[in-house]
Amino acid sequence: MRYVATIGFFDGVHRGHQCLVSQVCELARKLQCASMIVTFDRHPRQVLHADYVPQLLSTYEEKKALLTTTGIDRLEMLPFTEELSRLTALEFMQQVLTVKFHVQTLVMGYDHRFGCGGGTFTEYVEWGKLVGIDVVLAHELEEEKVSSSVIRRLLGEGKIRQANHFLGYEYNLHGKVVTGHQVGRNIGFPTANIMAPKDKLLPACGVYAVRAMVNDSSYNGMLCIGHRPTLNNGDELSVEVNLFGFNGDLYGREISVSFVDRLRDEQSFPSVEALQRQLEQDAFHAQDILSKVV
């Protein structure tokens with residue numbers, strides 16, 4: 001079997017990635033080949049710099065799940081090792097793409113780089129000729145430049161709607177519910193405290209309208225990322241979600257939350273009563289937003 005392939009880290013599997021993969025699939029059909037994505041199990045900088053802690057748009061499992069929904073015929077998640085990091089682009093094309101994966105055509109973005117030392121697009125074309133790979137240029141989305149770094153910046157600014165637009169789906173967070181301070185239940189807003197993966201990027205501190213999945217059940221809700229200044233929580237960052245209409249115990253269960261819109265910044269209130277009044281307004285605002293989203 002011969003393959004039309006593309007290679008990259010694909011963090012977030014955003015609309016730019018989706019456009020690239022669709023071109024791979026289309027070209028594979030045209031050339032009567034199978035389609036392939038070659039990616040890595042961890043961020044290369046985690047191997048190259050031991051103290052690097054990535055802030056990813058998608059964890060390993062999330063990225064794998066997203067890529068398997070693209071219609072690709074074959075997905076290869078390569079372990080990124082020190083040995084692999086030392087391969088030049090030519091060596092990688094020869095040893096991995098040609099010998100191991102039987103790649104016939106490689107689709108690349110103009111500014112994409114891989115292999116120790118990188119190279120220009122023209123050089124990749126020439127190296128491809130040496131090992132029997134036709135390197136072709138992908139076209140980008142015409143209306144806008146989409147990149148993982150732009151999406152990270154938007155999330156860091158709390159601009160959820162814009163980030164979701166570039167992603168092509170609602171940014172999400174998956175984690176286990178752990179014991180929190182249990183203050184919310186005393187003021188009518190019980191929350192589930194989510195333990196987020198340490199390498200998953202959290203949006204800016206603030207309150208968000210969200211949708212959540214618990215097992216196979218879906219709930220609307222509001223989520224707060226922050227340091228709980230009204231309750232003097234110190235430097236501890238918490239992620240707490242209040243699910244509208246949910247009654248039950250979530251401790252120890254897995255929960256998946258999708259961010260729909262940002263309601264407000266995190267702020268300090270003069271009293272718990274003032275916080276409670278604000279939460280009532282937040283809940284009304286979140287329900288209004290979520291009622292209008294398909």
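The values are calculated or read from the model by the stated rules, or taken from the named source; none is laboratory data. These numbers come from a predicted model, not from an experiment. Note that we place each Cβ from the backbone using ideal geometry, even for glycine, and neighbour counts take in every protein chain shown.
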* To do: Within segment 250-257, identify whether any single residue is exposed (fewer than 14 other Cβ atoms within 10 Å of the Cβ), outside the structural domain of GLN46 (by TED's automatic domain parsing), out of contact with any His (no Cβ under 7 Å at 6 or more places or on another chain) and without any contact (Cβ under 8 Å) to a residue 60 or more places away in the chain, and answer yes or no.
  => no
* modelled with pLDDT under 95, part of a loop (DSSP other than H, G, I, E, B) and in contact with a Lys or Arg (Cβ under 8 Å, 6 or more places away or on another chain) - does that describe any residue in segment 28-44? -> no
* To do: Only residues that are without any contact (Cβ under 8 Å) to a residue 60 or more places away in the chain and either part of a strand (DSSP E or B) or among the small types (Gly, Ala, Ser) (or both): list them for segment 263-285, please.
  => LEU263, ARG264, SER268, SER271, ALA274
* To do: Scan (1) under 18 Å from THR39 (Cα atoms); (2) in contact with a helix residue (DSSP H, G or I) (Cβ under 8 Å, 6 or more places away or on another chain) for the single condition SER148 breaks and write down its number.
  => (2)
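One line per residue, one yes/no per condition, for (1) assigned to a strand (DSSP E or B); (2) β-branched (Val, Ile, Thr); (3) at positive phi; (4) modelled with pLDDT of 95 or more:
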{"residue": "TYR219", "(1), (2), (3), (4)": "yes, no, no, yes"}
{"residue": "MET222", "(1), (2), (3), (4)": "yes, no, no, yes"}
{"residue": "ASN233", "(1), (2), (3), (4)": "no, no, no, no"}
{"residue": "VAL241", "(1), (2), (3), (4)": "yes, yes, no, yes"}
{"residue": "ASN247", "(1), (2), (3), (4)": "no, no, no, no"}
{"residue": "LEU250", "(1), (2), (3), (4)": "no, no, no, no"}
{"residue": "ASP261", "(1), (2), (3), (4)": "yes, no, no, yes"}
* Asked: Is there any pair with a first residue in segment 146-162 that is in contact (Cβ under 8 Å) with a residue 12 or more places away in the chain and a second that is assigned to a helix (DSSP H, G or I) and among the hydrophobic types (A, V, I, L, M, F, W, C) whose Cβ atoms are under 6 Å apart and which are 6 or more apart or on different chains, and what are they?
  -> VAL146/PHE166; ILE151/ALA163; ILE151/PHE166; LEU154/ALA163; LEU155/ALA163
* In segment 138-196, residue nearest to MET213 (Cα to Cα) [restricted to those that are acidic (Asp, Glu) and either in a strand (DSSP E or B) or modelled with pLDDT of 95 or more (or both)] -> GLU170
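Name every residue in segment 105-120 that is touching a Phe, Trp or Tyr at 6+ places or on another chain (Cβ under 6 Å) and surrounded by 15 or more Cβ atoms within 10 Å (Cβ to Cβ), in order of residue number.
Step one: filter segment 105-120 for residues touching a Phe, Trp or Tyr at 6+ places or on another chain (Cβ under 6 Å), giving 110, 115.
Of everything in segment 105-120, just one residue is touching a Phe, Trp or Tyr at 6+ places or on another chain (Cβ under 6 Å) and surrounded by 15 or more Cβ atoms within 10 Å (Cβ to Cβ), namely GLY115.
Go through THR59, THR39 for me and flag whichever is hydroxyl-bearing (Ser, Thr, Tyr), over 18 Å from VAL96 (Cβ atoms) and in contact (Cβ under 8 Å) with a residue 12 or more places away in the chain. Show your work before the answer.
Values: THR39 fails: over 18 Å from VAL96 (Cβ atoms).
Every option except THR59 fails the conditions.
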* TYR52 being aromatic (Phe, Trp, Tyr) and surrounded by 18 or more Cβ atoms within 10 Å (Cβ to Cβ) -> no
